[in-house]
Amino acid sequence: MDEDPYSDVRERMESLRQYSATHPPPEHDITWFAAFTTYLGYAVLIAFGRVRDFFGLTLSLGSRYVSPATRKGCAPLLQLRENFYNRRLYHRIQDCFNRPVGGGIGARCRMNVIERVSLDGNKSMVFANQDTNDLPNFTPGPYNSLDPSTGNLLRRSLNLGSYNYLGFADDWNQTCKEDVVGTLEKWGVSNGGCRVEYGTTDMHRELEKLVADFLGKEDSLVLNMGFNTNATTIPALVSRGDLIVSDTLNHTSIVNGARASGAAIRTFKHNNASDLEAVLREAIVLGQPRTHRPWRKIIVMVEGIYSMEGEYCNLKMVKDVCKKYKVYLYLDEAHSIGAMGATGRGCCEYAGVDTADVDVLMGTFTKSFGGMGGYIAADAATIAYLRTKCAGSVFHNSLSPIVCQQILTSFRVIMGVDGTDIGARKLRALRDNSNYMRMRLTDMGLHVLGNYDSPIMPVMLYNPTKIAAFSRECFKRGLAVVVVGFPAVPILMSRARLCISAGHTREDLDDALKKIEEVADICKIRYGWSSFG
């Protein structure tokens with residue numbers, strides 16, 4: 001048996017994990033100082049930005065104040081008011097986003113990030129090379145290397161930002177390569193058609209049967225994009241005369257699908273079963289607006305793990321409310337399938353809920369399975385209907401056969417049908433790594449959102465100026481992190497979102513924690529210890 005890397009902290013980790021399983025995650029209120037400086041920062045940004053725009057237009061200073069997407073003789077494609085945020089905030093810190101990667105993430109969750117530099121005040125970025133080393137706004141780091149094929153500078157970084165939950169991107173050569181490469185030679189890259197034409201192979205059918213069996217459902221439908229699985233399935237399930245009751249923090253794909261459906265939409269407070277019950281009771285009593293006719297059907301939509309909060313769904317209580325009022329339940333398991341539960345079967349397994357009590361299960365293959373695309377699992381009649389009514393099935397290109405094979409192989413590893421215990425060890429490593437990282441970040445005095453056992457841990461930054469500061473300081477130290485600000489999160493709730501993987505080792509995490517502690521002191525984000533950070 002392998003030696004336990006967390007033996008010295010195992011007892012404390014398990015205690016915190018068990019407490020989190022029976023108690024809601026701690027609520028971290030923004031401190032008065034962080035709120036004041038955040039509002040002040042946005043006020044200064046808006047005031048000076050408007051003044052500069054006024055004088056720029058008045059003095060006709062050129063294209064800098066006019067949309068570059070304007071064609072002669074046409075109205076501006078983008079108005080100043082519409083692209084103000086991009087010009088005044090996003091472009092100033094765009095080096096923190098869209099960082100290109102030179103090659104795969106490699107062993108132990110490390111990857112080569114291509115260095116970039118701006119020659120025009122951060123309005124645009126170019127790849128850095130040896131000739132840019134002497135530029136004043138470029139800081140070479142101790143983790144730099146040179147790509148011999150392109151001449152670009154690469155920074156070797158620990159990956160704390162991707163959804164590689166079970167680490168299949170790290171050990172792909174050992175776990176998945178043989179099957180996937182063999183499929184590439186047989187099937188090629190694409191079928192060149194949608195599912196209802198010539199885009200369905202026996203591999204698609206095999207994968208759909210495996211997903212249905214894994215989740216305890218009669219059938220499933222696999223599509224080629226996770227976002228569009230929600231965005232195209234929801235309009236096929238509901239329409240005018242129906243009601244969607246959605247958690248306030250549901251993902252944009254659910255929001256877009258709900259809006260496109262034409263159904264009425266109500267929201268309930270995040271993870272609050274009592275508020276859900278109040279919303280349902282009112283909806284059933286009052287019926288549809290104006291006519292007060294009964295709703296044709298009502299469907300409640302929640303997520304397994306909320307991707308910006310790192311918090312898992314209070315599924316058992318939500319399920320009880322839905323059964324009480326005889327409404328449908330739709331569960332988005334994009335981040336929870338493969339990552340939660342003793343055998344990776346997601347939020348239902350973790351919460352002790354029978355999948356028969358969830359009418360529609362949705363999930364993606366982009367996280368734990370190292371692939372792409374998504375699935376819908378439900379009863380056979382619902383899936384048969386969706387095959388011909390869901391736009392993702394009727395119009396979109398089908399899932400690539402080689403991606404199907406990647407998912408099939410990773411499923412077999414997770415389930416242990418490959419004859420090894422690799423899947424079980426991955427699930428255990430993901431849970432231990434996540435809980436250790438969350439425990440240590442909290443010990444630092446950082447405001448960390450979410451539950452134990454969740455691989456997503458948002459670290460609150462609050463002030464928009466700290467978005468760039470945190471990202472750049474981490475990058476200098478060889479840490480690749482994701483930072484998030486408005487409008488993806490509320491204006492006061494800027495954060496860094498760390499994603500932990502089974503591919504990380506304790507040595508990786510300890511090294512990252514040491515560097516994050518240095519950055520926390522520089523950026524003043526220890527709000528758990530002081531109002532001033």
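The values are calculated or read from the model by the stated rules, or taken from the named source; none is laboratory data. For clarity, every value in this text was computed on a predicted model and none was experimentally measured. FYI the Cβ positions are ideal-geometry reconstructions off the backbone, even for glycines, and counts take in every protein chain you see. Just so you know, the surface numbers come from the protein's heavy atoms only, side chains and all, with ligands and any DNA or RNA stripped out. Shrake-Rupley method; radii C 1.70, N 1.55, O 1.52, S 1.80 Å.
Out of the residues in segment 387-424 that are surrounded by fewer than 16 Cβ atoms within 10 Å (Cβ to Cβ) and of a type in the set (G, A, S), state the one that is nearest to A377 (Cα to Cα). By that ranking, first place goes to G416.
Yes/no matrix, rows are residues, columns are (1) in contact with a Lys or Arg (Cβ under 9 Å, 6 or more places away or on another chain); (2) of a type in the set (A, V, I, L, M, F, W, C); (3) within 14 Å of R431 (Cβ to Cβ):
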| site | (1), (2), (3) |
| --- | --- |
| P5 | yes, no, yes |
| S15 | no, no, no |
| Q18 | no, no, yes |
| E27 | no, no, no |
| F33 | no, yes, no |
| F36 | no, yes, no |
| G41 | no, no, no |
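If only residues of segment 1-48 that are in a helix (DSSP H, G or I) and aromatic (F, W, Y) are counted, the one that is farthest from Y462 (Cα to Cα) is Y19. Could we say that F84 is among the aromatic types (F, W, Y) and modelled with pLDDT of 85 or more here? No, not satisfied.
Those strands (runs of 3 or more DSSP E) of segment 211-295 in which at least 2 residues are surrounded by 19 or more Cβ atoms within 10 Å (Cβ to Cβ), considering only elements entirely within it, cover 219-223, 243-247. Among the numbered conditions (1) open to solvent by less than 10 Å² (accessible area, probe 1.4 Å); (2) farther than 26 Å from E115 by Cβ, the only one that F470 does not meet is (2). G423 fulfils the conditions (1) over 23 Å from the mean Cα position of the chain (by Cα); (2) part of a helix (DSSP H, G or I); (3) of a type outside the set (F, W, Y) except for a single criterion, (1).
Beta carbons closer than 9 Å, at least 6 apart along the sequence or on distinct chains, pair a first residue in segment 511-525 that is within 16 Å of T465 (Cβ to Cβ) with a second that is aliphatic (A, V, I, L, M) and open to solvent by 20 Å² or more (accessible area, probe 1.4 Å) for V519/A469; I522/A469; C523/A469. Does G352 satisfy the criteria of being in contact (Cβ under 8 Å) with a residue 40 or more places away in the chain, in the same structural domain as E218 (by TED's automatic domain parsing) and more than 23 Å from A231 (Cβ to Cβ)? For G352, the condition - in contact (Cβ under 8 Å) with a residue 40 or more places away in the chain, in the same structural domain as E218 (by TED's automatic domain parsing) and more than 23 Å from A231 (Cβ to Cβ) - is not met. Looking across G416, G478, one residue alone is modelled with pLDDT under 95 and touching an Asp or Glu at 6+ places or on another chain (Cβ under 9 Å). It is G478.
Scanning segment 505-533 for residues that are closer than 27 Å to L427 by Cβ, open to solvent by 10 Å² or more (accessible area, probe 1.4 Å) and touching a Lys or Arg at 6+ places or on another chain (Cβ under 7 Å) yields a total of 1. Within segment 207-217, being out of contact with any Leu (no Cβ under 6 Å at 6 or more places or on another chain), within 13 Å of Y375 (Cα to Cα) and touching a residue at least 40 places away in the same chain (Cβ under 8 Å) holds for E208, L210, V211, A212, F214, K217.
If we scan segment 267-277, do we find a residue that is free of Cβ contacts under 8 Å to residues at least 60 places away in the same chain and either over 25 Å from V489 (Cα atoms) or touching a Pro at 6+ places or on another chain (Cβ under 6 Å) (or both)? Yes: segment 267-277 contains one or more residues that are free of Cβ contacts under 8 Å to residues at least 60 places away in the same chain and either over 25 Å from V489 (Cα atoms) or touching a Pro at 6+ places or on another chain (Cβ under 6 Å) (or both).
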